[in-house]
Amino acid sequence: MALRRVAPFASGTLALQSKNKMQEKFPARNYKKNVLEDCFIDAKDYFLDAYVEVDYAHAVMLGEQGIITPEEQRLILTSLRALDFEAIRRSVYDGTFEDLFYYLQREMTALCGDEDTAGKLHTARSRNDIDVTIYRIYLRPKLLELVREANELRTNLLDLAAANHETLIPAYTHTQPAQPSTLAHYLLAMAEVLGTRHQAPRERVREYELLPARRVRDHDHRFSDRPPPRF
């Protein structure tokens, strides 16, 4: 059987395409469109307020600990207050920055008028500290809302059960009539399940009150005498 010979990049087209891919300026077009742009939009929509709250709190802490000077703290806090939230939310991702973190840093640098001072806002914290903290700030009120609504639903079920002690209904097992029961019995079962299942979000609320960025204290003695931070 004769083997068909394939010319290895005879035209040079594949080699040229590969070279162009490697030389493509960051971010690559597809990566920008399908990843970075969507992430930037989501970050603006869901986490902008929480992100700036974290910046305020961190700037205050840096000043309290003497890590930045009072003048540097004043300039950073003044610049944070001067951020135009509406303009930020209207901004379109153009690839000149990687994500919301770098976009806000660019804005802060312009407002501070001093790149070194603006950069000191990130002393003693990492991107991971920021990310986990803003996620908790965003999720905690959502969890509290879920807990309140679950409690309200459980209260309504208990009220309905109290009003239907004598209301007969057919109980079913695998879609087949099994035995007579009462509506109160059925509703109390639902209330019991709801009462046990909504303990998980209640636990998460307490967990989310702890500030994850506090783990930096394990690596810096200046934080060792501070109580556990809470939101």
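We did not get these values from a lab; they are worked out from the coordinates using the rules stated. Note that the structure is a prediction, hence the values are computed from the model and not measured. When we count neighbours, we look across all protein chains shown, and the Cβ atoms used for this are built from the backbone with ideal geometry, even at glycine.
Take the Cβ atoms of residue 45 and residue 193, set R0 to 22 Å, and the FRET efficiency comes out at 0.05. Derived scalar couplings between HN and Hα for segment 97-106 equal 9, 7, 7, 4, 4, 6, 5, 5, 5, 4 Hz in order, rounded to whole Hz, by the Karplus curve 6.51 cos²θ - 1.76 cosθ + 1.60 (θ = phi - 60°), x for Gly and Pro.
The calculated FRET efficiency for residue 145 paired with residue 38, based on their beta-carbon distance and R0 = 25 Å, is about 0.45. Annotation: amide H-H contacts under 5 Å for residue 182 (H modelled 1.01 Å from N, sequence separation of 5 or more, or interchain): 169. Each of 159, 116 was scored by other Cβ atoms within 10 Å of its Cβ. Arranged with the fewest first, they read 116, 159.
Modelled spin-label separation between residue 203 and residue 164, with each label point placed 7 Å from Cα along the Cα-to-Cβ direction: 3.1 nm. Using the Karplus relation 6.51 cos²θ - 1.76 cosθ + 1.60 with θ = phi - 60°, the per-residue 3J(HN,Hα) values for segment 191-204 come to 5, 5, 4, 5, x, 7, 6, 8, 5, 4, x, 5, 5, 5 Hz, with x marking Gly and Pro. Exposure proxy shown here: for 97, 26, 40, the number of other Cβ atoms within 10 Å sets the order, fewest to most, as 26, 97, 40. Of 186, 51, the sequence from fewest to most neighbouring Cβ atoms within 10 angstrom is 186, 51. Rounded to the nearest whole Hz, the Karplus-based 3J(HN,Hα) values (6.51 cos²θ - 1.76 cosθ + 1.60, θ = phi - 60°) of segment 65-77 follow the sequence 8, x, 7, 10, 6, x, 5, 5, 5, 4, 5, 5, 5, with x at glycine and proline. Highest mean packing first, where packing is the average number of other Cβ atoms within 10 Å per residue, the peptides 27-39, 166-178, 136-148 line up as 136-148, 27-39, 166-178. Legend: P(r) of segment 27-105 from all alpha carbon pair distances, 10 Å bins from 0, whole percents, reading 17, 42, 26, 13, 1.
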